[in-house]
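What follows is a short report on a single structure.
Here, each number is a calculation from the coordinates, and none is a lab measurement. Note that the structure is a prediction, hence the values are computed from the model and not measured. Here Cβ is always computed from backbone atoms with ideal geometry, including for glycine, and neighbour counts include all displayed protein chains.
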């Protein structure tokens, strides 16, 4: 049962939206197996719901974040993570300092497409929520085979088609 955790700062916009998109992508492609896709934050202070912007972007995609509650990475079982996807280089560095055993399982979401870059937090940068949501969606959609391969611990430069990952 592959377990993927996606991390952003407060676990209110980017990571819960990315987790919902990834769960939907796995279901839409009928990827078999019991997948666990969670989200967490690197700097969570309270049990906040998803932001109104995240709920709006999820709803536009037919997804529901109404039951989401923010949680910090320290609140989850880190030993059982098969793949950890983060939004920012600083998050990756901090996580690997605190949890070095995750080194071979931690990637920037953007890194899967080749160039590693930070996916901006629209609350800090003022960038369009819609554009950030679309970027996250594209990165997941375009790299689903790599995500599956990494979660199973069998990354190949040219991964097998998703249909070959049935359990």
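Annotations for the structure displayed:
- Separation of alpha-carbon centers, segment 5-26 and segment 52-70, rounded to whole Å: 10 Å
- Residue-averaged [θ]222 nm for the chain, counting only DSSP H segments that reach four residues, each worth -39500 (n - 2.57): -10500 deg cm²/dmol
- Among 13, 101, 129, the ranking by other beta carbons within 10 Å of each residue's beta carbon, starting with the fewest, stands as 101, 129, 13.
- Where Rh is the Kirkwood radius over Cα pairs, Rg/Rh for the chain: 0.93
- Taking the DSSP bridge list for the chain and keeping only pairs wholly inside it, about 5 percent are antiparallel.
- Label-point separation in nm, residue 34 to residue 93, each point 7 Å along Cα→Cβ: 3.9 nm
- Fewest-first ranking of 134, 39, 149, using other Cβ atoms within 10 Å as the exposure measure: 134, 149, 39
- Burial ordering of 53, 68, 45, fewest other beta-carbon atoms within 10 Å first: 45, 53, 68
- Among 70, 116, 19, residue whose mean-square fluctuation peaks in a GNM of the chain (springs only between Cα atoms under 10 Å): 116
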